[in-house]
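Below is one structure, written out as structure tokens, with a few remarks after it.
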Amino acid sequence: MPRMRFIQAINQALAEEMERDPRTILIGEDVEASIFGDTRGLLDRFGADRVRNTPISEQALTGISAGAAACGCRVIPHMMFSNFIYTGFDAIANQMAKLRLMSGGQITLPITVIANYGGGRSTAAQHSDTPFSLLTNLAGVEVVVPSTPDNAKGLMKAAIRSDNPTFFLEPGGRGGDAGDVPIGDCVTPLGEARVMREGSDLSLITMGSMTRMTLLAAKRLETELGVSAEVLDLQSLVPLDTTAILASVGRTGRAIVVDESRDACSVASHVAAILADKGFDHLKAPVQRITVPDTAMPYAPSAELPLLPSAERIVSAAKALFPVTAK
Amino acid sequence: MAASASNIQPDDGVLIEMYRRMLLIRKSEEQLFRDVKLGRTPGQVHLSDGQEAVAIGICSLLEDRDQITSTHRGHGHYLAKGCDVNAMFAEIYGKAEGICRGMGGSMHVADYSKGIVGANGIVGAGLGIATGAGLANQLEGEGRVAACFFGDGAANQGSLMECLNISSLWRLPVLFVCENNGYSEFSPSGTVTSGVISDRAKPFGIPVWNIDGNDVVDVWRTALEAVDHCRSGAGPAFVEARTYRYSGHFSAEAMVLSTPYRSDEEIEAWRARDPVARTRALIIGREAANDAECERMELEADAHVEGAVAFGEAGTAPCPGTANRLMRAGS
Ligand SMILES: Cc1ncc(C[n+]2csc(CCOP(=O)(O)OP(=O)(O)O)c2C)c(N)n1
Ligand SMILES: [Mg+2]
């Protein structure tokens, strides 16, 4: 398997899918120059008809995507930073998420909305949000969050092939992460979580940019507490792999959910609710949530970094689950 | 109106004061660019070097009580509105002594007590906010004016139309100032913007000025009329100022882009029309000050910047709970 960077894997998936279906178009602000690098080279390869720089007009960008998709295109709007989803939110929440139902199923909306999310890099509150809650709550859109180059490629392909509006949320600052990526048509099915590390005492349930740190925390739990932690990468938030979540906690009896969302109505609190509903008999201890407190992201690193989930916070939450001598 | 109709000139004192302030902006941003390279700032910066005359020309006609809305490229607006340079550096260095206590950083430097109703990371967001400030001003009835700085790129947000319509309909004292520097990030205006931006205001019956934003006198003269129009209760006004940012969109662009998006010749051509140098030439030509005096003004600006660096460096990192405490009033 060739090794490549996160951003190259996304770029490759975009190119392969645009090759595969000539009705696929990519639109967004500076998709040609591509500050994140994910769309670089696509304009040269597919031409200005199919790859278009748009003006700074997010309301139009999302509206156009809904309209073009309803009329037969497969559309990939790139929103740049996830906060700009809010700027174009009307056509997302009122059109993309609802038109299929409201048309009585007459249309499909094959749209893949790309945005780069997350904090930790002193970009301040308007360039650092993690919009999982907002999007997962719409119901009419799918949401995927890649964590490594291989599932970045696989999820992007699945997102583009989906006939529903699908958000592909890129973990900010992770474009340079390298990993093995299968050649060719590797599609990661929507709605399937994956076990990144097996364990028997505790399930660490997470996604996206949190997985790398969570894997490190799992190692620390092994060496420091003798706790064997399983790491479950959700990959898709909508549809959510409830079966995998319940199966993991069925094996371990304990769960910590690690999520970069603000805590209120987060993915973490939703997973905790599912476990309380359907996994109650498995649970040996209350489900713990490691999230961002309910504040906006400050700029100064001294104030921002402590708000983010960290291996430290996971380890101390785990300590509370395994009192005195672990196991 | 192609430019200001009158030929009125600022007197020597005003011209020199504008020059001083332009120098402070230029020197501050040169320093910030070095600071980013040195790793002194936790985040990146968007510099306005080359655009100083717009901020200065407009703000020198505003009173302290007047408001402005600023952008992601807002250091110049901040200093032009007379806000403290020390608190700006501390903010950009991520210190508790910063104007926003280190919570906002470069894109958000704003002293609300001096009338800056936010410097925004959301392109175009200032349009609505300035129109709202205009509404508050109208209700108050004391003749305050709100000036909205926004880019040529921001002019493509749909809210521009909404705000032009409402401000004209309600005769709000809002001065729209489009800083047209020819680029939206890395897209040349011609590839993302159709027509003439200031023409967009005309159907709403809003008076329009289309000016050389690198000529501080032209900007000042225009502001004299446009601010007066707003203050008189006649409704909004619209200024489009053509200008250029030398350092590009933001401080890390050379690292993230694979190919250049503008030519050295273009940058040099604009440098030949540098607003700071032109103002100095005008001062000398008018004998408002001599070379030695201009030199001294430069040294003064350097000293201010040096002091600001020291102030920023001596600042303290905000404590981790700051965001929690500041999020909601009363907590
Ligand atoms: C709503 C929104 N969309 C996109 C961006 C990303 N962005 C930041 S600056 C910029 C270009 C702004 O161009 P212009 O308004 O001309 O201002 P300039 O940078 O030239 O001063 C863009 C697209 C943003 N910050 N906010
Ligand atoms: Mg511009």
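For the reader, a short list of remarks on this structure follows.
- Boolean, residue B:61 is within 16 Å of ligand 1 (Cβ to nearest atom) and in contact with a Leu (Cβ under 7 Å, 6 or more places away or on another chain): no
- Strands (runs of 3 or more DSSP E) fully within segment B:105-185 counting 1 or more residues that are closer than 15 Å to residue A:55 by Cα, within 14 Å of chain A (Cβ to nearest Cβ) and within 16 Å of ligand 2 (Cβ to nearest atom): B:146-151, B:174-180
- Residue A:150 vs. criteria charged (D, E, K, R), more than 16 Å from ligand 2 (Cβ to nearest atom) and within 22 Å of residue A:241 (Cβ to Cβ): yes
- Only one of A:221, A:215 that is of a type in the set (A, V, I, L, M) and buried (at least 22 other Cβ atoms within 10 Å of the Cβ): A:221
- So residue A:303, is it without any contact (Cβ under 8 Å) to a residue 12 or more places away in the chain and buried (at least 21 other Cβ atoms within 10 Å of the Cβ): yes
- Among the helices (runs of 4 or more DSSP H) confined to segment B:186-279, there are none with at least 1 residues that are under 30 Å from residue B:142 (Cα atoms) and either within 16 Å of ligand 2 (Cβ to nearest atom) or within 14 Å of chain A (Cβ to nearest Cβ) (or both).
- Top-ranked residue of segment B:121-143 - restricted to ones that are polar (S, T, N, Q) and over 19 Å from the mean Cα position of the chain (by Cα), ranked as farthest from ligand 1 (Cβ to nearest atom): B:138
- Among the candidates B:73, B:65, B:40, residue that is among the basic types (Lys, Arg), within 16 Å of ligand 2 (Cβ to nearest atom) and touching a residue at least 60 places away in the same chain (Cβ under 8 Å): B:73
- Test: residue in segment A:110-133 that is in a helix (DSSP H, G or I), within 14 Å of another protein chain (Cβ to nearest Cβ) and farther than 23 Å from residue A:31 by Cα: yes
- Applying the criterion of at least 1 residues that are crowded, with 23+ Cβ neighbours inside 10 Å to the helices (runs of 4 or more DSSP H) found wholly in segment A:1-89 leaves A:6-20, A:58-70, A:83-87.
- Single condition residue B:325 does not satisfy, out of (1) basic (Lys, Arg); (2) in contact with a Ser or Thr (Cβ under 7 Å, 6 or more places away or on another chain); (3) modelled with pLDDT of 95 or more: (3)
- Complete set of residues in segment B:144-198 that are out of contact with any helix residue (DSSP H, G or I) (no Cβ under 8 Å at 6 or more places or on another chain) and near ligand 1 (Cβ under 9 Å from one of its atoms): B:151, B:181, B:185, B:187, B:189
- Among the conditions (1) within 14 Å of the chain's Cα centre (by Cα); (2) surrounded by 24 or more Cβ atoms within 10 Å (Cβ to Cβ), the only one that residue B:118 does not satisfy is (2).
- Some residue of segment A:8-27 being assigned by TED's automatic domain parsing to the domain that holds residue A:152 and within 16 Å of ligand 1 (Cβ to nearest atom): yes
- Residue list for segment A:19-38, restricted to those being of a type outside the set (Asp, Glu), in contact (Cβ under 8 Å) with a residue 40 or more places away in the chain and out of contact with any His (no Cβ under 6 Å at 6 or more places or on another chain): A:23, A:24, A:25, A:26, A:27, A:35, A:36, A:37
- Restricting B:52, B:29 to those that are in contact with a Pro (Cβ under 7 Å, 6 or more places away or on another chain) and buried (at least 23 other Cβ atoms within 10 Å of the Cβ) reduces the list to B:52.
- So residue A:195, is it of a type in the set (A, V, I, L, M), in contact (Cβ under 8 Å) with a residue 40 or more places away in the chain, in a loop (DSSP other than H, G, I, E, B) and more than 30 Å from residue B:102 (Cα to Cα): no
- Any hit, segment B:228-242, residues being within 15 Å of the chain's Cα centre (by Cα), surrounded by fewer than 22 Cβ atoms within 10 Å (Cβ to Cβ) and more than 26 Å from residue A:34 (Cβ to Cβ): yes
- Whether a residue is buried (at least 18 other Cβ atoms within 10 Å of the Cβ) and either under 20 Å from residue A:135 (Cβ atoms) or without any contact (Cβ under 8 Å) to a residue 12 or more places away in the chain (or both) was assessed, and residue A:204 does not pass this test.
- Spans of helices (runs of 4 or more DSSP H) in segment A:209-327 with at least 3 residues out of contact with any helix residue (DSSP H, G or I) (no Cβ under 6 Å at 6 or more places or on another chain) and closer than 30 Å to residue B:88 by Cβ: A:301-304
- There is no residue in segment A:273-289 that is within 14 Å of chain B (Cβ to nearest Cβ) and either in contact with a strand residue (DSSP E or B) (Cβ under 9 Å, 6 or more places away or on another chain) or in contact (Cβ under 8 Å) with a residue 12 or more places away in the chain (or both).
- Qualifying residue in segment A:58-78 (condition: farther than 20 Å from residue A:163 by Cβ, within 11 Å of chain B (Cβ to nearest Cβ) and in contact with a helix residue (DSSP H, G or I) (Cβ under 7 Å, 6 or more places away or on another chain)): yes
- Failed condition for residue A:50, given (1) modelled with pLDDT of 95 or more; (2) more than 22 Å from residue B:193 (Cα to Cα); (3) more than 11 Å from every other protein chain (Cβ to nearest Cβ): (2)
- Of all residues making up segment B:86-104, the number that are surrounded by fewer than 24 Cβ atoms within 10 Å (Cβ to Cβ) and more than 13 Å from every other protein chain (Cβ to nearest Cβ): 2
Residues checked against (1) touching a residue at least 40 places away in the same chain (Cβ under 8 Å); (2) in contact with a strand residue (DSSP E or B) (Cβ under 9 Å, 6 or more places away or on another chain):
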{"site": "B:193", "(1), (2)": "yes, yes"}
{"site": "B:201", "(1), (2)": "no, yes"}
{"site": "B:225", "(1), (2)": "yes, yes"}
{"site": "B:247", "(1), (2)": "yes, no"}
{"site": "B:270", "(1), (2)": "yes, no"}
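The values are calculated or read from the model by the stated rules, or taken from the named source; none is laboratory data. Note that the coordinates shown come from a computational prediction; the quantities given were computed from them, not determined experimentally. With ideal geometry, Cβ positions are generated from the backbone for all residues, glycine too; neighbour counts draw on all protein chains shown.
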